[in-house]
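Q: Got a structure for you, written out below as structure tokens; questions coming shortly.
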Amino acid sequence: MRTVRNVHERVVEASADTVGALMDRLSADDDPLFPTPAWPPMRFDRPLGVGADGGHGFVRYKVGAYRPGRSVRFDFAPPGNGFHGMHIEPLGPARCRVVHVLEQRQSLKEALRWSLVVRPVHDVVVEELLDNIERAATGSLDAPVRWSPRVRLTHRLVRYRPRAVAVPEAARLARGAFDRVDFCDAWQLPLEPGMDRDPRAWRGVLPFAVQAADGDELLLGEDASHLDFRASLLVGERDVTLTTVVRTHNRLGRLYFAPVRYIHPFMVRWMLRRTYRALALAAPSAAERSGGGGSAAPEASRTAGPPPDEVASM
């Protein structure tokens, strides 16, 4: 076993009280700091406070210690160990230092996974959180963090996995597209804070003509001599669903679609993931959505400094 200690810090030209008030909104519906929708949001089973249970994505933890406006510590859930936490240190009436620390004992296997995959992503998420603190507290950000090729690849491979669902009742255009349906399926992804809820923003998921639109649903499709198909994009408050319905006309259509029906799920999932990812990465940052300024695009790298004693003892 080895102990890993990962530290990030940022001096912010704003008072500790200002930054502390932002920290106190972590995991709230109007959270201005956690970098979603590019990354899964921080969520707990209750408001931020000792004992709150949750995490972000597959990373699970509880709030182990909390000083409103000054520090918070998240203890990793078993079988994990260790913690990550944030501390705000006043440096004057309009200046403070924000420090994030992660500490954990890791086996050899865990250490390899941490070094090769987890640490690069963790570093970007924490730096984006610090970027959002700077944006929200000062109204500007000169050098947003830049994603490395490894982080981009990991993000592309791990994030956004559509799940198969029944055709939603609200997908009225899809349900009424044909009087007879020979094939249908539906794939769904949860919508995270900051994602565009306008169906027109999702138009690029498939390169076909718009056949109809109705509120939250957009219907794309094409007709041919051997078959007709429609693809419905239903964008709700909580999720986006891509539904496909197919009607064959003759033997050629049935022969054509026989192999295509096995390739189709892979293609529509890839198309939905591609569009979802593009919209997530183009979304305004959490700080900008809450009224902070600065650029939304990641552009520069940050470095970490030594931890203060208070965080080490949290």
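The values are calculated or read from the model by the stated rules, or taken from the named source; none is laboratory data. Note that this is a predicted model, so its numbers are computed, not measured. Glycine gets a Cβ as well: all are built from the backbone with ideal geometry, and neighbour counts include every protein chain shown.
Q: Is it true that Thr243 is within 19 Å of Arg277 (Cα to Cα) and touching a strand residue (DSSP E or B) at 6+ places or on another chain (Cβ under 9 Å)?
A: Values: within 19 Å of Arg277 (Cα to Cα): yes; touching a strand residue (DSSP E or B) at 6+ places or on another chain (Cβ under 9 Å): yes.
Criteria met by Thr243.
Q: Next question. So Thr241 clears everything in (1) in contact (Cβ under 8 Å) with a residue 24 or more places away in the chain; (2) not in a strand (DSSP E or B) except one condition, right? Which one?
A: (2)
Q: Enumerate the strands (runs of 3 or more DSSP E) found wholly within segment 1-116, keeping only those where 2 or more residues are more than 29 Å from Ala280 (Cβ to Cβ) and of a type in the set (Val, Ile, Thr).
A: Details: elements: 2-12, 42-44, 53-56, 59-67, 71-76, 83-92, 95-106.
In segment 1-116, 2-12 are the strands (runs of 3 or more DSSP E) which contain 2 or more residues that are more than 29 Å from Ala280 (Cβ to Cβ) and of a type in the set (Val, Ile, Thr).
Q: Here is a follow-up. Do we find that Asp142 is among the acidic types (Asp, Glu) and modelled with pLDDT of 95 or more in this structure?
A: Details: among the acidic types (Asp, Glu): yes; modelled with pLDDT of 95 or more: no.
Criteria not met by Asp142.
Q: How do the pairs read when you match residues in segment 5-29 that are aliphatic (A, V, I, L, M) with residues anywhere that are at pLDDT below 95, using Cβ under 6 Å and keeping only pairs 6 or more apart or on different chains?
A: Correct list of pairs: Val7/Ala304; Val7/Pro307.
Q: I'd like to know if segment 114-131 contains one or more residues that are at positive phi and touching a residue at least 60 places away in the same chain (Cβ under 8 Å).
A: Quick first cut of segment 114-131, residues at positive phi only: none.
Looking for residues that are at positive phi and touching a residue at least 60 places away in the same chain (Cβ under 8 Å), one finds none in segment 114-131, hence no.
Q: Could I ask something else about it? Let me spell it out: the conditions are (1) closer than 28 Å to Pro37 by Cα; (2) buried (at least 18 other Cβ atoms within 10 Å of the Cβ); (3) in contact with a strand residue (DSSP E or B) (Cβ under 7 Å, 6 or more places away or on another chain), and Gly221 meets all of them except one. Which number is the exception?
A: (1)
Q: Something else: Would you please list the contacts, defined by Cβ atoms under 6 Å and residues six or more apart or on different chains, that run from a residue in segment 192-213 that is in the same structural domain as Arg175 (by TED's automatic domain parsing) and more than 20 Å from Thr244 (Cβ to Cβ) to a residue that is assigned to a strand (DSSP E or B) and of a type in the set (A, V, I, L, M)?
A: Short answer, once both residue conditions are applied: Arg197/Val235.
Q: Does Leu242 qualify as being within 22 Å of Val158 (Cβ to Cβ), of a type outside the set (D, E, K, R) and not assigned by TED's automatic domain parsing to the domain that holds His56?
A: For Leu242, the condition - within 22 Å of Val158 (Cβ to Cβ), of a type outside the set (D, E, K, R) and not assigned by TED's automatic domain parsing to the domain that holds His56 - is met.
Q: Right, next: Can you name the residue in segment 195-218 that is more than 19 Å from Arg175 (Cβ to Cβ) and small (Gly, Ala, Ser) and is also surrounded by the most Cβ atoms within 10 Å (Cβ to Cβ) among such residues?
A: Residue satisfying both the conditions and the ranking: Ala201.
Q: Another one. Being under 30 Å from Asp131 (Cα atoms), more than 19 Å from the chain's Cα centre (by Cα), in contact (Cβ under 8 Å) with a residue 40 or more places away in the chain and not assigned by TED's automatic domain parsing to the domain that holds Pro41, is that true of even one residue in segment 279-292?
A: Quick first cut of segment 279-292, residues under 30 Å from Asp131 (Cα atoms) only: 279-292.
From the residues that got through so far, the ones that are more than 19 Å from the chain's Cα centre (by Cα) too are 291-292.
Within this subset, residues satisfying the condition of being in contact (Cβ under 8 Å) with a residue 40 or more places away in the chain are 291-292.
Now narrow it down to the ones that are not assigned by TED's automatic domain parsing to the domain that holds Pro41: 291-292.
Checked against the condition, which is being under 30 Å from Asp131 (Cα atoms), more than 19 Å from the chain's Cα centre (by Cα), in contact (Cβ under 8 Å) with a residue 40 or more places away in the chain and not assigned by TED's automatic domain parsing to the domain that holds Pro41, segment 279-292 yields at least one hit.
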